[in-house]
Amino acid sequence: MQAFIVKRLLLAIPTLLAVMTIVFFSMHLAPGDPVDQMIPPDMEGSAREDMVERIRAQYGLDKPLHLQFLSYISRIARLDFGNSLRTRRAIAPDLRRRIPNTLQLGAMATLIAVCLGVTFGIISAVRRDTLLDNATMVGALFGVSMPSFFFGYMMMLIFGLYLRWLPPSGFEGHIFQWAGFRYAIMPALTLGTASTAVLARFTRSSMLDVISQDYIRTARSKGLGERIVILRHALRNALIPVITLLGIQFGAMLSGSVITETVFSWPGVGRFLIQGITTRDFPVVQGTTLIIALGFVIANFLTDLAYGFIDPRIRYD
Amino acid sequence: MEQSGDFQMQDGAAGLDTSGPTFGERFLRRLRKNRLAGIASVFVFLVAIMAIVAPFITPYSPTDQNLLRRLEPPSDEHWLGTDQLGRDILTRIAYGARVSLMIGLLGATGGMLCGVTLGTLSGFFGGTFDHLVMRVIDVMMSFPGILLAILIVSVLGPGTSNLIVALTIWFIPTFARISRGNVLSLKEMDFVESARSLGASNSRIMVQHVLLNIMSPIIVYMTLSVATSILTAAGMGFLGLGVQPPTAEWGIMISQGRQYLRDAPHLIMMPGAAIFITVLSINVVGDALRDVLDPKLKT
């Protein structure tokens, strides 16, 4: 297992480097000079040129691109994401404050997706071609087709504004306390809907594949109860591909948080990214994109590990 | 994703009984059996017609404001009501269908053309080129979901054409992987070998024998990509990174209507329902197509 972990870790490093390279160079390809944003528009002539040069030197923008890239990598390794062009403050503390908020939302949405998606997927497969199966699959189709922001606003309208069961939007501390949890329910449901639908469809198809295998027929012919056949023999095998999908879905949720956090004014990384884009604050865009992509790489790495843990065959490949 | 049993023999197929139902017949039969898919196909067709004849649907312009008639609920005059600037919502939805369908089709088509070309060449020739393409695609896939589109638009700037470019780049990896995987299993098949031994050139084998036989999964994924594109375009419009106002676009309509959620929820409900039903219909059609073309992919 140790060799497997090291191998997977080594495989993740080039991906991380590639992600950093893309994020760095994409910001340098962007039209317009970010330095222009930091200079008062009424400043002209040599005073302006002096200031441009000073800012370039201050941010290291006067150095050749490859040196800028190396210094960028070394800064990221020290978790220094630079300063915001708008507020001039360091980005790292902002990110540190926002990452747990996004992770809490992502974790809660994942929990919803796993509990509902996997359960409905199993029921649907076991009760194939019944009304319940059809209803679940239609529901799943609705889930993948629903724009998350529309679903979010509809929940906000019904449960937040009309029924007043939940606060319509905002943030009230972490989700481990009731006050904070209430604020997270609707955003987490919004974020988790599409993944719930995808997981339900995928679990169903994976279960159907497994149920038709010979060893399930053997288990049944041994006289085992249906519950044991489904839960112990079928489900454990059916869940292996589902876990792979879970990693991808968690990554999709991290990027989906951009929309959900905007809808519910949730102070997470996604909303920070949109604020960065609308104010053309490149260091913020760079930092937040990198954090979300890193989250995706880490989620995939953990999925790989879980996959190797559950299915020993993977480790010996 | 093995395709055996459903391959189309191009050369040397003469003499075989080819009188079975064609794809069109099988699809129509499926539509008759699956009523939901039939309704969805009709709806997609209607949305397309609405997009084409948008100027003739209502007497209003999608951008002309009438501040005396702001936030009106649905009425005889304005079937879906008016927005915060007094614009007719039905008109804006009809014009929005143009934008959404155009972005959906162009984004998915661009991704399909580039991805299938790369994937087919990569799988067919293998070697260093294959390695290089696959590594680039691995890196592209390390950006989750909408993030790659957001990054591209934040670099190129918001706007319709940049959004189409972003969607194209986003879809390339999946199309490339699907086509490469299929090409790899196909190029070992006997009919490709026999075509080669008869002296067929690489390009002839690729186009006539390989490309035609990988079209089933490509068409299925293409349909689903159109739905994803429409959903993403609306999401980007909502975030202010897609099509720019005052153009009528479904995502922008929701974004602009959110301030009036309590007093005039129809500002969000109408365009939201338009996106939802359109995407749902395309997904249902995509599922039906998959059942006809590629039953092994059925989930």
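The values are calculated or read from the model by the stated rules, or taken from the named source; none is laboratory data. As the structure is a computational prediction, the values presented were derived from the model and not from experiment. FYI the Cβ positions are ideal-geometry reconstructions off the backbone, even for glycines, and counts take in every protein chain you see. Heads up: the accessible areas ignore ligands, DNA and RNA and are worked out on the full protein's heavy atoms, side chains in. Shrake-Rupley method; radii C 1.70, N 1.55, O 1.52, S 1.80 Å.
Figures for the structure shown
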{"read-out": "Enumeration of residues in the stretch B:192-249 that are within 14 Å of chain A (Cβ to nearest Cβ) and at positive phi", "value": "B:Gly240"}
{"read-out": "Any hit, the stretch B:201-217, residues being within 16 Å of the chain's Cα centre (by Cα) and open to solvent by 40 Å² or more (accessible area, probe 1.4 Å)", "value": "yes"}
{"read-out": "Long-range neighbours under 7 Å by Cβ, at least six apart or interchain, first residue outside the structural domain of A:Ala125 (by TED's automatic domain parsing) within the stretch A:216-231, second open to solvent by less than 90 Å² (accessible area, probe 1.4 Å) and assigned to a helix (DSSP H, G or I)", "value": "none"}
{"read-out": "Residue match in the stretch B:157-164 (condition: assigned to a helix (DSSP H, G or I) and more than 20 Å from the chain's Cα centre (by Cα))", "value": "no"}
{"read-out": "Residue within the stretch B:72-89 that is among the polar types (S, T, N, Q), open to solvent by 20 Å² or more (accessible area, probe 1.4 Å) and within 18 Å of the chain's Cα centre (by Cα) present", "value": "no"}
{"read-out": "Hits in the stretch B:250-261 (condition: facing chain A (nearest Cβ under 8 Å) and either within 12 Å of B:Ile150 (Cα to Cα) or open to solvent by 40 Å² or more (accessible area, probe 1.4 Å) (or both))", "value": "B:Arg258"}
{"read-out": "Some residue of the stretch A:104-121 being over 30 Å from A:Ile230 (Cβ atoms), at pLDDT 90 or above and under 24 Å from the mean Cα position of the chain (by Cα)", "value": "yes"}
{"read-out": "The one condition in (1) farther than 17 Å from A:Leu111 by Cα; (2) within 11 Å of chain B (Cβ to nearest Cβ); (3) of a type outside the set (D, E, K, R); (4) open to solvent by 10 Å² or more (accessible area, probe 1.4 Å) that A:Ala194 fails to fulfil", "value": "(1)"}
{"read-out": "Residue check, A:Phe282 crowded, with 20+ Cβ neighbours inside 10 Å, in contact with a Ser or Thr (Cβ under 8 Å, 6 or more places away or on another chain) and within 14 Å of chain B (Cβ to nearest Cβ)", "value": "no"}
{"read-out": "Cross-chain or 6+ apart pairs with Cβ under 9 Å, the stretch B:265-293 first and within 7 Å of chain A (Cβ to nearest Cβ) and touching a residue at least 60 places away in the same chain (Cβ under 8 Å), then outside any helix (DSSP H, G or I) and surrounded by 21 or more Cβ atoms within 10 Å (Cβ to Cβ)", "value": "B:Ile275/A:Met146; B:Ile275/A:Pro147; B:Leu280/A:Met146"}
{"read-out": "Where A:Val258 falls short, out of the listed (1) surrounded by fewer than 19 Cβ atoms within 10 Å (Cβ to Cβ); (2) without any contact (Cβ under 8 Å) to a residue 40 or more places away in the chain", "value": "(1)"}
{"read-out": "Of residues in the stretch B:143-164 being more than 7 Å from every other protein chain (Cβ to nearest Cβ) and of a type in the set (A, V, I, L, M, F, W, C), the one surrounded by the most Cβ atoms within 10 Å (Cβ to Cβ)", "value": "B:Ala149"}
{"read-out": "Single unsatisfied condition, B:Gly237 versus (1) at pLDDT 90 or above; (2) surrounded by fewer than 24 Cβ atoms within 10 Å (Cβ to Cβ); (3) not aromatic (Phe, Trp, Tyr)", "value": "(2)"}
{"read-out": "Condition check for A:Leu254: within 14 Å of another protein chain (Cβ to nearest Cβ) and over 30 Å from A:Gly270 (Cα atoms)", "value": "no"}
{"read-out": "Qualifying residue in the stretch A:161-173 (condition: in a helix (DSSP H, G or I) and within 14 Å of another protein chain (Cβ to nearest Cβ))", "value": "yes"}
{"read-out": "Check on B:Leu132, modelled with pLDDT of 90 or more and within 14 Å of chain A (Cβ to nearest Cβ)", "value": "yes"}
{"read-out": "Odd one out for A:Phe151, checked against (1) within 24 Å of the chain's Cα centre (by Cα); (2) open to solvent by 50 Å² or more (accessible area, probe 1.4 Å); (3) more than 13 Å from every other protein chain (Cβ to nearest Cβ)", "value": "(3)"}
{"read-out": "Members of the stretch B:33-57 found to be in contact with a helix residue (DSSP H, G or I) (Cβ under 7 Å, 6 or more places away or on another chain) and under 16 Å from B:Asp287 (Cα atoms), listed by number", "value": "B:Asn34, B:Leu36, B:Ala37, B:Gly38, B:Ala40, B:Ser41, B:Phe43, B:Val44"}
